[in-house]
Amino acid sequence: MPEPRVITFREALREAMVEEMERDSSIFLMGEEVGHYQGAYKVSEGMLARFEEKRVIDTPIAETGFAGVGIGAAMVGLRPIIEFMTWNFSLTAYDQLVNNAAKLRYMSNGQFKLPIVFRGPGGAAHALAAQHSQALESLYAHVPGLKVVMPATPADAKGLLKASIRDDNPVVFIESEVMYALKGEVPAGEHVVPLGVADVKRPGRDVTLVTWAKMVHTSLKAAEELARDGIEAEVLDLRTIRPLDGDAIVDSVRRTGRCLVVQEGWPFAGVASEVIALVVREAFDQLDAPPERVTSFDVPMPYATNLEALVLPSPDRVVTAVRQLLGLEEAPARPAVAGGAR
Amino acid sequence: MDAGLLLDLYRQMALCRRFEEAAAKAYSQGKIHGFLHLYIGQEAVAVGAISAAEPTDYIVATYREHAHYLARTGDARAAMAELYGRATGASGGRGGSMHLFDAGKRFLGGWAIVGGHVPIAAGVAFASKYREEKDVTLCFFGDGTANMGSFHEGLALAGLWKLPVVFICENNQYAMGTPLYRTMSVPDVAVRARGYPMEFEIVNGDDVLEMRDATRRAVERARRTSQPFFLEAKTYRFRGHSMADPAKYRSKDEVQKWMERDPIQVLGKRIQTLGIANAEQLRALDDEAKAQAADAVEFAEQSPLPAPETVMEHVYA
């Protein structure tokens with residue numbers, strides 16, 4: 001058995017890349033400031049010295065360009081890891097991911113594999129305002145042909161990144177700035193977490209909190225607080241948004257009879273909606289309350305820290321939503337939707 | 001002058017022309033659906049350029065790529081069956097006219113969002129360089145592409161990293177239905193290569209031999225020096241942007257003037273002047289092309305539709 005050690009989320013990601021790159025010379029890392037600068041968030045620190053400029057490649061600020069270069073290289077057999085400094089910037093390369101990466105295999109009738117990982121931090125950090133705080137997984141998960149992976153712990157970060165690098169499909173791998181320093185036990189050496197398998201991060205009998213990435217920690221905090229009142233919340237970490245582990249969601253909700261999805265991003269047409277559609281279809285008879293979700297407010301992220309804290313899901317909001325599901329508090333009116341929808 | 005080569009180029013261009021005429025007919029009969037972008041008038045660019053490359057060099061093209069596919073693969077049946085949306089098509093009926101692929105013959109599409117494939121071509125060339133292989137990538141696109149950000153990012157990276165890719169701009173004077181002078185601040189697309197920096201050459205894209213020679217120089221240079229090169233081929237699209245476009249924005253005089261440069265006629269005259277073949281022999285070659293196009297249509301019409309139970313296949317590997 002590999003020896004568990006405590007390392008950071010950031011180190012776990014680096015370890016996955018380094019181990020895979022040592023195993024397979026067709027893997028390279030490309031992105032803004034991944035090399036000489038040692039990574040905008042130091043994820044790739046030291047990798048340039050280890051693999052030299054051929055395999056740790058600094059790019060200009062040209063997401064469409066280097067995302068496309070990665071796709072071209074993957075089409076003919078290389079296995080690129082393309083780092084977006086943040087996923088917000090990926091939107092300038094959205095055409096490459098959605099029109100090209102996601103479609104190539106299907107529209108060529110399976111003639112090509114596209115083993116490429118696009119990775120970097122997503123979601124809100126702290127007071128970065130509207131253009132640098134977006135949780136975009138729902139956008140990418142909408143697209144058939146892409147896989148979407150979002151680890152919540154250092155061990156999962158390593159294992160899921162290794163699985164993503166070994167996958168023959170384009171993978172959207174979304175990390176979090178505020179989790180890079182998170183510490184946890186991570187097995188040394190070979191540790192691969194298969195894509196599409198959710199993980200119970202805390203077992204419970206009263207309600208299922210379906211969540212992923214940073215919101216796993218928000219949900220765990222809420223679960224601790226709920227436990228003080230004797231409410232046992234199960235925290236189910238999806239780990240992979242696409243492929244979605246539908247069986248794990250349905251099995252858990254059938255046991256607990258209640259489902260709350262905790263999602264960092266906006267509510268409208270998000271992953272939470274998809275999870276709830278699944279729950280309604282397949283666990284309807286076991287539900288003791290309508291499935292609910294806690295999400296960001298339906299608004300671009302404000303800069304002011306008091307407003308930002310209001311917009312983002314918090315343990316308090318999760319606790320309140322669970323109490324409402326259990327009938328301990330009155331359910332609120334429908335949350336406000338921007339644009340005057342009723 | 002290599003007589004066999006000239007006749008082969010003539011045969012290839014005739015096949016492209018007759019193939020597309022047959023496709024246009026089938027389209028107007030409602031047998032081919034969606035968008036159909038014809039290359040008629042521009043055949044010398046694809047045929048000349050691809051004839052100058054090695055079969056192991058990569059081709060990356062746009063949605064107006066029937067001729068490129070035919071020049072690389074020679075497979076009119078697979079091309080026509082794809083236009084018909086049949087299981088025997090180049091992309092199994094999943095791609096259509098705009099998405100022809102042949103991985104084995106290094107024909108890498110068939111891309112239909114203007115400009116998006118330019119960085120991809122740079123990436124294919126990046127892979128060749130990374131693996132220390134001597135293959136060159138040929139990237140075809142139109143003049144309209146030169147205003148897209150993806151075009152500039154692709155060129156910038158190819159220049160920065162010295163990638164062995166030849167960018168071939170098919171300047172057919174129109175970005176969809178809008179003339180070049182309304183869409184570009186410079187009359188020659190090629191000058192935009194200067195800043196990346198990239199050597200360039202402007203050629204008569206209606207002269208298949210000039211096109212072939214220029215491409216050969218560019219490809220060999222890219223292979224030898226691992227430097228990108230930019231070729232601009234001046235040509236003209238005889239038809240509209242797609243079958244949906246009657247091209248009423250062009251005067252008859254303008255079209256007539258360009259049709260006098262019809263690349264097939266130009267080569268035919270040269271072949272006759274050189275005494276390589278007479279009009280009758282050229283007509284026989286053309287008849288062969290018509291027969292091959294007709295055979296492709298028959299093959300497509302007799303081919304099965306893709307099996308419904310396969311609809312979800314190939315989304316993921």
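Each value in this text was obtained by applying a stated rule to the coordinates, not by laboratory testing. This structure is a prediction, so every number in the text was calculated from the model and none was measured. We place every Cβ from the backbone using ideal geometry, glycine too, and count neighbours over all the protein chains shown.
Computing FRET efficiency as 1/(1 + (r/R0)^6) for A:Glu232 and A:Glu45, where r is the C-beta to C-beta distance and R0 is 45 Å, gives about 0.65.
Just to confirm my numbers, what's the Cα centroid distance between the stretch A:119-155 and the stretch B:91-114 in Å? About 31 Å separates the Cα centre of the stretch A:119-155 from the one of the stretch B:91-114. Taking Cα atoms only, the orientation of helix A:271-282 departs from the longest principal axis of chain A by about 60 degrees.
Order of B:258-270, B:305-317, B:224-236 by packing, highest average Cβ count within 10 Å first? Display every interim value, and only then the final one.
Details: B:258-270: 17.8, B:305-317: 12.9, B:224-236: 22.8.
Top of the packing list down: B:224-236, B:258-270, B:305-317.
Ellipsoid semi-axes for the stretch A:199-325, based on the Cα gyration tensor and the rule √(5λ), read 22, 17, 13 Å when sorted largest first.
Across every pair of different alpha-carbon atoms, what Kirkwood hydrodynamic radius in Å does chain B reach?
Working: mean 1/r = 0.0507 Å⁻¹.
Kirkwood radius, chain B: 19.7 Å.
Work out how much length B:Lys134 to B:Lys252 would gain on full extension: take 0.36 nm times their residue separation and subtract the Cα-Cα distance, in nm to one decimal. Display every interim value, and only then the final one.
On the way: separation 118, 0.36 × 118 = 42.48 nm, distance 4.62 nm.
Between B:Lys134 and B:Lys252, full extension yields an extra 37.9 nm.
Enter the per residue convex hull volume of the stretch B:79-214, computed from alpha-carbon coordinates, in Å³ rounded to the nearest integer. The partial results should precede the final answer.
Values: hull volume 17.7 nm³, N = 136.
Convex hull of Cα atoms, per residue: 130 Å³.
From the Kirkwood radius over Cα pairs of the stretch A:1-100, Stokes-Einstein at 37 °C and 0.692 mPa s returns a whole-number translational diffusion coefficient of 232 µm²/s.
Hey, what D do you get for the stretch A:144-258 in µm²/s if you plug the Kirkwood alpha-carbon radius into Stokes-Einstein at 4 °C and 1.567 mPa s? Could the numbers behind the result be given before it?
Working: Rh = 14.7 Å.
Answer from the Stokes-Einstein relation: 88 µm²/s.
GNM, chain A, Cα, under 10 Å: largest mean-square fluctuation among A:Ser176, A:Ser252, A:Ser26? Checking each option, the largest mean-square fluctuation is seen for A:Ser26.
With springs connecting C-alpha atoms under 10 Å apart, model chain B as a Gaussian network and identify which of B:Ile168, B:Ile40, B:Ile271 has the largest mean-square fluctuation. Its mean-square fluctuation being the largest, the pick is B:Ile271.
Every Cα-Cα pair in the stretch A:4-187 was counted, and those over 23 Å apart are 36% of them.
Computed over the Cα atoms, what is the radius of gyration of the stretch B:223-295 divided by 2.2 N^0.38 Å, N being its residue count?
Details: Rg = 17.4 Å, N = 73, 2.2 N^0.38 = 11.2 Å.
For the stretch B:223-295, the normalised Cα radius of gyration is 1.55.
Residue ranges B:246-257, A:66-77, A:298-309 sort as A:66-77, A:298-309, B:246-257 when ordered by packing (mean number of other C-beta atoms within 10 Å per residue, highest first).
Which value at 222 nm does the protein assembly as shown reach when only helices count, each DSSP H run of 4 or more adding -39,500 (n - 2.57), with the total divided by all residues and rounded to the nearest 500 deg cm²/dmol? Provide the component values of the computation, followed by the final result.
Numbers: 22 runs with 258 residues, N = 659.
Calculated at 222 nm, the ellipticity per residue is -12000 deg cm²/dmol.
Per-residue shielding of A:161-172, expressed as the average number of other chain Cβ atoms within 10 Å of the residue Cβ, stands at 1. In terms of its alpha-carbon gyration tensor, the stretch B:166-241 comes out oblate; a/c meets the 1.5 threshold, while b/c is at least as large as a/b.
Label the stretch B:178-221 by shape, choosing from rounded, prolate and oblate, from the square roots a ≥ b ≥ c of the eigenvalues of the Cα gyration tensor; if a/c is under 1.5 it is rounded, and otherwise prolate applies when a/b is larger than b/c, oblate when it is not. Before the final figure, lay out each step's value.
Values: a/c = 4.12, a/b = 1.39, b/c = 2.97.
Oblate, because a/c is 1.5 or more while a/b does not exceed b/c.
Kindly state, as a whole number, the per residue volume in cubic angstrom of the convex hull around the alpha carbon atoms of the stretch A:97-212. Numbers along the way, then the final one.
Details: hull volume 16.0 nm³, N = 116.
Spelled out: Cα convex hull of the stretch A:97-212, divided by residues, is 138 Å³.
Whole angstrom only: what separates the Cα centroid of the stretch B:36-52 from the Cα centroid of the stretch B:180-227? Comparing the Cα centres of the stretch B:36-52 and the stretch B:180-227, I get a distance of 15 Å.
Counted by Cβ distance under 9 Å from B:Arg11, the other residues give a net charge of -3, where Lys and Arg count +1 and Asp and Glu count -1. From largest to smallest, the equivalent ellipsoid semi-axes obtained for the protein assembly as shown from the alpha-carbon gyration tensor read 53, 27, 22 Å.
A:Met215 sits among other residues whose Cβ lies under 10 Å from its own Cβ, and their net charge, with Lys and Arg +1 and Asp and Glu -1, is -1.
Could you sort B:212-221, A:277-286, A:253-262 so that the peptide with the highest average Cβ count within 10 Å comes first and the rest follow in order? Numbers along the way, then the final one.
On the way: B:212-221: 20.0, A:277-286: 14.8, A:253-262: 23.6.
Highest mean packing first, the order is A:253-262, B:212-221, A:277-286.
Peptide B:142-154: average number of partner chain Cβ atoms within 10 Å per residue? Working shown, then result.
Details: counts 0, 0, 0, 0, 0, 0, 2, 6, 10, 2, 3, 14, 7.
Across the residues of B:142-154, the mean count of other-chain Cβ atoms within 10 Å is 3.
The base-10 log of I(q)/I(0) for chain A, evaluated at q = 0.10 Å⁻¹, reads -0.59 [Debye formula, identical scatterers on Cα atoms, solvent excluded].
Strictly greater than 16 Å: what percent of every Cα pair in the stretch A:176-233 meets that?
Values: 931 of 1653 pairs.
Percentage above 16 Å: 56.
Are any of the pairs B:Lys269/B:Lys290; B:Lys248/B:Lys269; A:Lys158/A:Lys201; A:Lys183/A:Lys221 more than 24 Å apart by Cα-Cα distance, and if so, which?
Numbers: B:Lys269/B:Lys290 20 Å; B:Lys248/B:Lys269 30 Å; A:Lys158/A:Lys201 17 Å; A:Lys183/A:Lys221 16 Å.
Cα-Cα > 24 Å for B:Lys248/B:Lys269; rest within.
What does the structure give for A:75-81 when I average, per residue, the other chain Cβ atoms found within 10 Å of the residue Cβ? Walk me through the numbers before you get to the answer.
Working: counts 10, 15, 2, 6, 0, 4, 0.
Taking all residues of A:75-81 together, the mean is 5.
For the options B:Gly89, B:Gly154, B:Gly48, a Gaussian network treatment of chain B with springs between C-alpha atoms closer than 10 Å singles out B:Gly154 as fluctuating the most. Below 12 angstrom from the Cβ of B:Leu108, what's the summed charge of the other residues (Lys, Arg +1; Asp, Glu -1)? Taking every other residue near B:Leu108 into account, the sum is -1.
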